[in-house]
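Read through the structure below, which is laid out as C-alpha cells, and then see the notes.
The values are calculated or read from the model by the stated rules, or taken from the named source; none is laboratory data. Owing to the predicted nature of the structure, the values given are computational and were not obtained by experimental measurement. Backbone-built Cβ (ideal geometry, glycine too); neighbour counts: all protein chains shown. These area figures cover heavy atoms from the full protein model, side chains too; ligands, DNA and RNA do not enter into them. Shrake-Rupley method; radii C 1.70, N 1.55, O 1.52, S 1.80 Å.
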Amino acid sequence: MRTFLAAVCAALALLSTAAPAAAQTSTLTGRVVDAQGAAVVGADVTLTTTGRTPQTVRSGADGSFTFAGIPRGAYSLTVYAAGFAASSQALTVDASPSPVNVALQVGGLQEDVTVQGAFLGTAPTGKTDLPLRELPMTVNAVPRAVIDEQAANDLVTALKNVPNVLPFTTYGVYEYYSIRGFLDNVQLIDGVRAEGNRTNTQLTAIDRVEVLKGPSSALYGGGALGGTINLIRKKPSSTPAYDVMVAGGSWKTGRGAGGATGRLGSAGSTMYRLDVGGETRDGYRHDDVRRLTATPSVASHWGKNQFNFYYTFNRDRFGGDAGLPLVNTDLDVPVEANVPDVPRDRNYRTPQDNAVSYDNNFQFVYARQLTNAIGFRNTLSYRYFNDEYFLSEEVDFIQPDTVDRWYLYFKHHRRPLTNLAELTARVGGKVEQNLLFGWESQRYYNYTTLPEEDFFQAESINAFDPVETQGTSDLTPTRQNVFTNTTNAFFAQDHIQLAPQVKALIGGRVDLYRRNSHSDELVDNGGPIEGPVAHRDSNAFTGRAGLVYQPTPIVDIYGSFANSFKPSTQAQPNGDTLEPETGQQWEVGNRLHLARDRVQLTADVFRILRQNVAFRRPGNVFVQAGEMESKGFELDLETSPTSQWRINAGYGFTDAQFLDFEQTVGENLRGNTPIFAPRHTFNLWTGYQWANGFGVSGGWRYFGEVFADNDNLFVVDGYGTMGLSVRYTRGRFEYALNVNNLTDTKYFTPHQDYLQVYPGEPTNVLATLRIRLD
C-alpha cells in the first residue's frame, strides 16, 4: 500500500507541472505517417493563414512535427513527401489544439485503404487496413515514442504498457507472455508467424508493437489463444534521414544504435533503410548479455508493382540465470522469507554457462494493384535460427548450506519457410464490402542435437560462501531429435458496412496440419541413423464474427466471437493422434472518442473457454477432458489534455481457473488458478513537453500476485514499480536520463519451471544521447 500511495503522489506531482500554454499563442504538434501507420520522415509540413508568412517544418525521425508560439486562429495545413500524394486540411488553433495525425497515401493511387494495404506490401495486425474503430477487436499498441521515452530495448519491457499482459524473462534468456490468463499465444514479424524460441532480442528496428487480444486462429492458425503479438519493423522512407544513439548506465550497460533511410539514387523509385544496434551489460544478476542486431530493407515500386525486402540479423549471447532456490519446498513460507540469506544479486551459474543464438530472418514481399479496387500481395519468409543453450537452469537448496545445480544442454536448428498469399478487394454499392482471401503454407523443419546426457548435475556449491569447482563438460552430440511441421491453410474475411452506423466482420480459416518426428543416433564419421517416424495429423476450422455499432460519431460499441485450436504433438501408446485443443472467446466492448478525439477510452469484457486439454495418465495414456476458463475486463485510456501533455493508462482484471482438470486420478484442480495469471495489472505513463525543449515523463506499473504451480501452493506476491524520464532537445540533439524502479521496490518474479525466483532489479539509471539528421 505504501508503494501505491507513493506512486499516486509522485504521479500527481508530475501532472501538476503541466501548466497551460501561454494565453495568446499555442503550440501545434502532430505526426506524419503512411497508410500503415509507419512514420514518414522528412515530410515538409506547411502552416498557412491569412495575413501571415507561411511556416514550414520537417517531420522528424518518428514522423512528428511541432509549430511553437503560433497565434490562435484558422489555418491550412499542407504536407508534402516524395512518393506520396499531397495532403491538405483546414484546422483551428485554440488554447489547447489537439495533435494532428496526417496519413499520407502513395502517390498516383486512389485513396482506397484496401488497395493501399496491398500496394504497400505489408499486412496490419488485423489483416485489414480499416480504422480500428470499425473493427470488433481489441488491439493495443506500444508506439516507438513510448519505447524511446522508456528506453526500452526488449519486448518484455515494452509489453508492460499493455493491460492484462504479464511479460517476463526466464533463465535470463527466453521471453514469455501471459495474455488474458493464458501463456498460449503467437508472435508475428510484420504479420508473419515467428516460430521457435523467443530470445530476449533488441527493439532497434521495431517501429511499434501491437497486441491483438484473445483467440485469433482464424487469422494466424494454431496456438493463437490468449493473444497475438505483432512486431512491426521500421520501413524505408523516400526522404533522407539519419539518427545515432549512444547510452550508458547501471551495471556497465552500454548501448549504441544507428538508422539511415532515403532513396537509392537521386530520383529513383527504390528506397532503403538500415538499422543497426548493439548492447552489452553485466547485469544486476551478473547474467552478462552481449547483443547485436542489423536490419537492412529495400522497397521499390514500378507502376502498379511493389517489391519489399527485409532482412534481420540477431546475434544474442546470454550468461544465464537460474535465480535463487527456495529453502522450504513445502511452500508454507512467504517467498521473501523462503530464499537463502544471501545478496540478491547472487547468481549460481557456472563458468561454462552460456546461451548463444544466431537468427537470420528474410522476408520478400511482392504487391500489385490489379485494379483500383483489387490488390494482391505475396510474402515469402525464411528463418535460419540456431540456438545453443548450456545453462545450469535448476538450482536446489540442500540444508544446511548447499546448492545443487543441474545443467541442460541442446542446440536447436530451426528452419521455418512460410509463404503467405493474400487477395484484397473492395466492393462498393449499398452494402460496401472489404474482402480478404488468402493461402498460407509453412514447412517448419527443426533438428536438435544432444549429448549422451542432456540434463545432468553440475558440481554443487556452497550457498553462502560459493567457491567454483565445476570443470569442462563433454557436450559431444550423440543423437538428434527431428521434426517437420507442414501447414496449409485457406482463409477468408469480409468486412461489411450494413448501414452507415453498423459494420460486420466475418471470417474463417481451414488448417491442415501434418507433423513427422523421429529421434536419430549420430554415428562418428557417418550420417545419422534415423529412428522410427511418428506421424501426427490435425485438421481444424476456426472462425470469427462480430458487429460494430456507432450510434454517434463518438461511440463505437462492438461484440465478437472467435475460436482457436492448438495441434497436439503427443500421441497415445498405440499411435493414435490426439484431437486438437480448442478455445472460444466472447467479447463485448466500447470505444469512446471524447473532447474532439483528445480522449479515447476503451472498455471491454471477455470470456475465454479452453477445452480438450490433454493430461497424462500412467502408461503414457492421455485423457483429453481438461477445461479452463478466463474471464475479465479491461480499461484503456489515451488522452492529450493539451498539445504538450499526454497520458496513457490501462487496467486489466482476469479471473482464470480450471473448470475440470484431473491432474492425477482422484486429484482435480477444479477452482485453481493457472500459472502466471495475475488478477490485476495496471499501467500508467504520462509525459509533458515544454516549448523550450525540456520534457519529463513517468509512470507506474503494477502486476498482481501469481501462482507458479497449478496446485496453487507456490505464490509470488504482486509488486509495483515507478519509472521517470527527463529529456532535453536542442536542435538535432536530445539528451535523456531514465530512472527505473524509482522507489527501489523489492520484489520477486517466478521461474517458469522450477521452485526458484528471480529478485527484481533495484533502482537503476540510463543516460542517452540521440542525434537526428535530415
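Can you tell me which residues in the range 400-419 are open to solvent by 30 Å² or more (accessible area, probe 1.4 Å) and of a type in the set (Phe, Trp, Tyr)? Residue satisfying the conditions is TRP406 alone. Counting residues in the range 81-88 that are at pLDDT 75 or above and either out of contact with any Lys or Arg (no Cβ under 7 Å at 6 or more places or on another chain) or aromatic (Phe, Trp, Tyr) (or both) gives one or more.
Among the criteria (1) open to solvent by 50 Å² or more (accessible area, probe 1.4 Å); (2) touching a Pro at 6+ places or on another chain (Cβ under 7 Å); (3) under 30 Å from ARG607 (Cβ atoms), the one GLU521 does not fulfil is (3).
Determine whether the range 252-267 contains at least one residue that is of a type in the set (D, E, K, R), open to solvent by 10 Å² or more (accessible area, probe 1.4 Å) and at pLDDT 95 or above.
Let us first name the residues in the range 252-267 that are of a type in the set (D, E, K, R), namely 252, 255, 263.
Then keep just the ones that are open to solvent by 10 Å² or more (accessible area, probe 1.4 Å); that gives 252, 255, 263.
Add one more test, that the residue is at pLDDT 95 or above, and what stays is 252, 255.
Yes - at least one qualifying residue is present in the range 252-267.
Scanning the range 338-356 turns up no residue that is modelled with pLDDT under 95, small (Gly, Ala, Ser) and either surrounded by fewer than 17 Cβ atoms within 10 Å (Cβ to Cβ) or assigned to a strand (DSSP E or B) (or both). Of the numbered criteria (1) in contact with a His (Cβ under 9 Å, 6 or more places away or on another chain); (2) at pLDDT below 95; (3) surrounded by fewer than 17 Cβ atoms within 10 Å (Cβ to Cβ), the one TYR384 fails is (2). A count restricted to the range 396-406 and to residues that are closer than 21 Å to PRO750 by Cα and either under 30 Å from the mean Cα position of the chain (by Cα) or acidic (Asp, Glu) (or both) stands at 2. Of all residues in the range 569-592, those satisfying the criterion of being open to solvent by less than 20 Å² (accessible area, probe 1.4 Å) and either within 29 Å of the chain's Cα centre (by Cα) or charged (D, E, K, R) (or both) are PRO580, GLY583, GLN585, GLU587, GLY589, ARG591. Of the residues screened, THR228 is not one that is buried (at least 22 other Cβ atoms within 10 Å of the Cβ), touching a Phe, Trp or Tyr at 6+ places or on another chain (Cβ under 7 Å) and closer than 23 Å to LEU773 by Cβ.
Of everything in the range 482-509 that is of a type in the set (Val, Ile, Thr) and under 30 Å from LYS430 (Cα atoms), the residue that is surrounded by the fewest Cβ atoms within 10 Å (Cβ to Cβ) is VAL502. If you go through the range 434-478 and keep only what is part of a strand (DSSP E or B) and more than 30 Å from the chain's Cα centre (by Cα), you end up with LEU450, PHE455, PHE456, GLN457, ILE461, ASN462.
Within the range 626-640, the set of residues being under 28 Å from the mean Cα position of the chain (by Cα) and open to solvent by less than 50 Å² (accessible area, probe 1.4 Å) comprises MET628, GLU629, SER630, GLY632, GLU634, ASP636, THR639, SER640.
Scanning the range 195-207 for residues that are open to solvent by less than 20 Å² (accessible area, probe 1.4 Å) and at pLDDT below 90 gives THR199, ASN200. Screening LEU331 against (1) open to solvent by less than 50 Å² (accessible area, probe 1.4 Å); (2) of a type outside the set (S, T, N, Q); (3) free of Cβ contacts under 8 Å to residues at least 24 places away in the same chain leaves a single unmet condition, (3). Check the range 613-625 and report whether any residue there is aromatic (Phe, Trp, Tyr), touching a Lys or Arg at 6+ places or on another chain (Cβ under 7 Å) and surrounded by fewer than 19 Cβ atoms within 10 Å (Cβ to Cβ). Checked against the condition, which is being aromatic (Phe, Trp, Tyr), touching a Lys or Arg at 6+ places or on another chain (Cβ under 7 Å) and surrounded by fewer than 19 Cβ atoms within 10 Å (Cβ to Cβ), the range 613-625 yields at least one hit. Against the list (1) surrounded by 17 or more Cβ atoms within 10 Å (Cβ to Cβ); (2) β-branched (Val, Ile, Thr); (3) without any contact (Cβ under 8 Å) to a residue 12 or more places away in the chain, the condition THR371 fails is (1). Across the range 275-284, a minimum of one residue is classified as over 30 Å from THR763 (Cβ atoms) and open to solvent by less than 20 Å² (accessible area, probe 1.4 Å).
Applying the criterion of at least 2 residues that are open to solvent by less than 20 Å² (accessible area, probe 1.4 Å) and of a type outside the set (S, T, N, Q) to the strands (runs of 3 or more DSSP E) found wholly in the range 654-771 leaves 680-689, 694-703, 719-730, 748-750, 756-759. Can you name the residue in the range 262-291 that is in a strand (DSSP E or B) and over 24 Å from the mean Cα position of the chain (by Cα) and is also nearest to ARG732 (Cα to Cα) among such residues? Of everything passing the filter in the range 262-291, GLY262 is nearest to ARG732 (Cα to Cα). Every condition in (1) open to solvent by 40 Å² or more (accessible area, probe 1.4 Å); (2) touching a residue at least 60 places away in the same chain (Cβ under 8 Å); (3) of a type outside the set (A, V, I, L, M, F, W, C); (4) within 30 Å of GLN493 (Cβ to Cβ) holds for ARG607 except the one numbered (2).
Restricted to strands (runs of 3 or more DSSP E) entirely inside the range 136-179, those with at least 1 residues that are touching an Asp or Glu at 6+ places or on another chain (Cβ under 9 Å), closer than 21 Å to ALA257 by Cα and open to solvent by less than 10 Å² (accessible area, probe 1.4 Å) are 139-143. Do we find that GLY731 is on the phi > 0 side of the Ramachandran plot, without any contact (Cβ under 8 Å) to a residue 12 or more places away in the chain and of a type outside the set (D, E, K, R) in this structure? The answer is yes for GLY731.
Out of ASN648, ASN672, one residue alone is over 23 Å from VAL139 (Cβ atoms) and polar (S, T, N, Q). It is ASN672.
The residues on offer are LEU109, LEU130, and the sole one that is hydrophobic (A, V, I, L, M, F, W, C), open to solvent by 20 Å² or more (accessible area, probe 1.4 Å), assigned to a loop (DSSP other than H, G, I, E, B) and at pLDDT 75 or above is LEU130. Checking every residue in the range 434-449 against the condition of being of a type in the set (A, V, I, L, M, F, W, C) and either more than 30 Å from SER297 (Cβ to Cβ) or without any contact (Cβ under 8 Å) to a residue 40 or more places away in the chain (or both) gives zero matches.
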